[in-house]
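Working notes, structure below.
The values are calculated or read from the model by the stated rules, or taken from the named source; none is laboratory data. Please read these numbers as outputs of a predicted model, since none were measured by experiment. Every residue, glycine as well, gets a Cβ built from its backbone with ideal geometry; the counts of neighbours run over all protein chains shown.
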Amino acid sequence: MNKILAIEASGLVASCAIATEEKIIGEFSLNLKLTHSQTLLPMVDEVVKRTGTDLEEIDAIAVSGGPGSFTGLRIGSATAKGLGQALNKPIVAVPTTQTIAANIFGFEGLIVPLMDARRSQVYTGVYRNTAAGFEVVRDQMAVSIDEIVEIVNDLKEPVIFLGDGVPVFAELLKEKVEVKIQFAPVNNSVQRAGSLAVRAIEMFKAGLAVTAAEHVPDYLRLSQAERERKEK
């Protein structure tokens, strides 16, 4: 039975979990304006202690692979790489929008995470749950909010939106989306290491793991500093 240590640091939420295919053994989350450098390693240490887990027993380390906060992704990836190299364990990098979408089950329609990327841009993707499992309808992307509205309207299916972009764009979505929409409740709308672990186990079984040395986060776009330098 595969056992995963999952680390989530792509946004404001810092979260870690230990999980198998059968259950979430332990999960800690904080949604505070504290830097992940302050919270993440102590949280990992605590969940390992509280669950009585020997890290040599785990099969892989999962991490939110991006997009997201550039600083958060770097801290999460550095933590995962350091543990992976020390323990000689592979890394499973789960696309962040898939991690968020995995919070939703049983919804008959499209699942669309929205991560606020500033400048009326979002990190997003389009997913659905089917009898065969989790389906990627549109892979994750960095687009304008108007572009994802157009994609959803073209697909002509009910949709549930979730993520930290919902409070920013809720009124616009109500006005411009032409299909039936819902917004996920707050307990299902943010990144969670438990959901990350569930997707990571599926990906690990499918052979989608890399070595700690090979792992790099997927930022999807240039950082603000890089964009400003390019504009000059």
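Of all the numbered requirements in (1) in a strand (DSSP E or B); (2) touching a residue at least 60 places away in the same chain (Cβ under 8 Å), residue 139 misses one, and that requirement is (2). The residues listed here are 172, 208; of these, the one that is at pLDDT 95 or above, in the same structural domain as residue 23 (by TED's automatic domain parsing) and surrounded by fewer than 18 Cβ atoms within 10 Å (Cβ to Cβ) is 208. Which members of region 147-170 meet the condition of being outside any helix (DSSP H, G or I) and either within 21 Å of residue 190 (Cα to Cα) or among the hydroxyl-bearing types (Ser, Thr, Tyr) (or both)? If the condition is that a residue be outside any helix (DSSP H, G or I) and either within 21 Å of residue 190 (Cα to Cα) or among the hydroxyl-bearing types (Ser, Thr, Tyr) (or both), then 158, 159, 160, 161, 162, 163, 164, 165 are the ones that fit. Among residues that are over 10 Å from residue 217 (Cβ atoms), not basic (Lys, Arg) and not in a helix (DSSP H, G or I), residue 86 is not included.
Mind checking whether some residue in region 74-87 is modelled with pLDDT of 95 or more, of a type in the set (Lys, Arg) and in the same structural domain as residue 10 (by TED's automatic domain parsing)? Don't jump to the end; show me each part of the working.
Taking region 74-87 first, the residues modelled with pLDDT of 95 or more are 74-87.
Remaining after also requiring of a type in the set (Lys, Arg): 74, 81.
Next, from what is left, pick out any that are in the same structural domain as residue 10 (by TED's automatic domain parsing): 74, 81.
Checked region 74-87: at least one residue is modelled with pLDDT of 95 or more, of a type in the set (Lys, Arg) and in the same structural domain as residue 10 (by TED's automatic domain parsing).
Taken together, 64, 37 contain a single residue that is modelled with pLDDT under 95 and either in the same structural domain as residue 212 (by TED's automatic domain parsing) or surrounded by fewer than 16 Cβ atoms within 10 Å (Cβ to Cβ) (or both), which is 37.
Of the residues 7, 25, 18, only one is crowded, with 17+ Cβ neighbours inside 10 Å and touching a Cys at 6+ places or on another chain (Cβ under 7 Å); which?
Working: 25 fails: touching a Cys at 6+ places or on another chain (Cβ under 7 Å); 18 fails: touching a Cys at 6+ places or on another chain (Cβ under 7 Å).
The conditions single out 7.
So is residue 15 closer than 20 Å to residue 203 by Cα, in contact (Cβ under 8 Å) with a residue 60 or more places away in the chain, in a strand (DSSP E or B) and of a type outside the set (A, V, I, L, M) or not? Judged against the criteria, residue 15 is a match. For residue 120, work out the one condition from (1) touching a Phe, Trp or Tyr at 6+ places or on another chain (Cβ under 9 Å); (2) farther than 18 Å from residue 206 by Cβ; (3) modelled with pLDDT of 95 or more; (4) not basic (Lys, Arg) it doesn't fulfil. Against the list (1) touching a Phe, Trp or Tyr at 6+ places or on another chain (Cβ under 9 Å); (2) farther than 18 Å from residue 206 by Cβ; (3) modelled with pLDDT of 95 or more; (4) not basic (Lys, Arg), residue 120 comes up short only on (3).
Yes or no, residue by residue, for (1) among the small types (Gly, Ala, Ser); (2) over 15 Å from residue 203 (Cα atoms):
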| position | (1), (2) |
| --- | --- |
| 61 | no, no |
| 69 | yes, yes |
| 74 | no, yes |
| 80 | yes, yes |
| 88 | no, yes |
| 100 | no, yes |
